[in-house]
Amino acid sequence: MIPGTIVTQDDNPLPEILRERLPRSLFTRTIYYAPVLGSTNARAKELAKRGEAEGALVITERQTRGRGRLGRQWHSPQGVNLLFSVLFRPAFSLDRVFSLTMLVAASLVDAIREMSGLNTLIKWPNDIYCNGKKMAGILTEFSGGGRAIEYAVVGIGLNVNWDLRNEPELQHSATSLMNEVGYPVSRIALLSCILEALERDYRLLLRGEDGFIRDRWKRHTMVIGKDVLIDPQGEKKRATVTGIDRNGALLVEEEGGKVSSIVCGDVQVLFPLLAGKRD
Ligand code: BTN
């Protein structure tokens, strides 16, 4: 993909354009596109419960009840960002479900870099940051029976052409691709690039060849080797991050030397190093 791909007026991520760009993709077989939805994750979960096949993609331009992790809301103005969810039915056990979050985060970093030359960082478990500000969030929701995954829906909210300079409440904590590179980025080209990366990596994950996804995740994370506060809203335990396991759990060494793994929750990096410069 060429950095600075020109944005035409017709830059809506419409199913027919995606199919034309990715004719053989797992993620373009069934695409649900609606200009407005409550939440793409909620819609994808409804479809999953009705038996929709793996790979189904739900896209919208605006969400009226967009949701984030830990009961938070996800805000995005109409028609400038990417808001979509993907349905997975991987044949691996429930304890591996967050490897999908890791997979999606690594694919987002790759696609953003390919499209714009921008280096972004992954903040465990589900955020993409650039220059100290959040650019994207990932929400993984799932259902399982026994130890198997029945379905997993991974929703992505990626700020693409949102001019956050006009958002006084958000401009210090959030950013968009356009704000970082200085020109609008084609959402349709970016989404195609993300879906391509996702499919390539998902097939490797299914074959158990996921070591390289973890390596890439580690290379692009802002948490490994850092001092963090675990559960910053609650208990506030201080620890150093030592790694991530293949299920997406964070490995930490707490003060006093106790080694543990965190499957879900939040961490706050105590002394983040800013990154995300263009090459
Ligand atoms: C987070 O940072 O807490 C995760 C945010 C995830 C937002 C996306 S937008 C598309 C999909 N649909 C939702 O309702 N949420 C996810």
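For segment 190-241, the Kirkwood hydrodynamic radius comes to 13.4 Å, computed from all pairs of different C-alpha atoms. For the chain, DSSP calls about 85 percent of its internal beta bridges antiparallel. Among 132, 225, 248, the largest mean-square fluctuation in a Gaussian network model of the chain (Cα springs under 10 Å) belongs to 225.
Take the alpha carbon atoms of segment 169-213, find their radius of gyration, then divide it by 2.2 N^0.38 Å using N residues; give the quotient. The partial results should precede the final answer.
Details: Rg = 15.4 Å, N = 45, 2.2 N^0.38 = 9.3 Å.
That ratio works out to 1.65.
Counting only protein heavy atoms and a probe of 1.4 Å, the accessible surface of the chain is 50% carbon and sulfur. Dimensions of segment 113-159 based on its C-alpha atoms, expressed as ranges along the principal axes with the largest first, amount to 42, 20, 15 Å.
What translational diffusion coefficient, in µm²/s and rounded to a whole number, does the Stokes-Einstein relation yield for segment 31-83 at 20 °C and a viscosity of 1.002 mPa s, taking the hydrodynamic radius as the Kirkwood radius over Cα pairs? Diffusion coefficient, whole number: 186 µm²/s.
At q = 0.13, 0.18 Å⁻¹, what is the base-10 log of I(q)/I(0) for segment 1-129 according to the Debye formula with one equal point scatterer per Cα and no solvent? Please give it to two decimals. Summing over Cα pairs of segment 1-129 leads to -0.62, -1.30. What would the Debye formula give as log10 I(q)/I(0) at q = 0.12 Å⁻¹ for the alpha-carbon point model of the chain, no solvent? The calculated log intensity ratios at q = 0.12 Å⁻¹ are -0.72. Within the listed set 121, 37, 177, the Gaussian network model of the chain (springs between alpha-carbon atoms below 10 Å) gives the highest mean-square fluctuation for 37. Excluding same-chain neighbours fewer than eight residues apart, the lysines reachable from residue 236 by a Cα-Cα span under 30 Å are 123, 133, 134, 218, 226, 258.
For the chain, the relative contact order comes to 20 percent (Cα pairs under 8 Å, sequence separation of at least 6).
The string of couplings for segment 70-77 from the Karplus curve (6.51, -1.76, 1.60, θ = phi - 60°) is 6, x, 7, 9, 10, 9, 7, x Hz, one whole number per residue in order, with x for Gly and Pro.
Each residue of segment 125-198 gets 116 Å³ once the volume of the Cα convex hull is shared out per residue. Loop-located trypsin sites (Lys or Arg not before Pro) in segment 48-107 (DSSP state other than H, G, I, E, B) with a sparse environment of at most 15 neighbouring Cβ atoms within 10 Å: 50, 65, 72.
Taking the square roots of 5 times each eigenvalue of the Cα gyration tensor of segment 121-245, largest first, gives ellipsoid semi-axes of 26, 22, 15 Å.
Per residue, the chain exposes 45 Å² of accessible surface when a 1.4 Å probe is rolled over the protein heavy atoms with every protein chain present.
Within the chain, the longest run free of exposed loop sites, counting GluC sites (Glu not before Pro) that sit outside DSSP helix and strand states (H, G, I, E, B) and have at most 16 other Cβ atoms within 10 Å, spans 1-168. The trypsin sites (Lys or Arg not before Pro) found in segment 108-185 that occupy coil by DSSP, while having at most 15 further C-beta atoms within 10 Å, are 147. The string of couplings for segment 105-115 from the Karplus curve (6.51, -1.76, 1.60, θ = phi - 60°) is 4, 5, 5, 5, 4, 4, 5, 4, 5, 5, 6 Hz, one whole number per residue in order, with x for Gly and Pro.
The values are calculated or read from the model by the stated rules, or taken from the named source; none is laboratory data. The shown structure was predicted, so the numbers you read here are calculated from the model rather than taken from an experiment. Cβ atoms come from the backbone with ideal geometry, glycine included; neighbour counts cover every protein chain shown. With ligands, DNA and RNA removed, areas are computed over all heavy atoms of the protein, side chains included. Shrake-Rupley method; radii C 1.70, N 1.55, O 1.52, S 1.80 Å.
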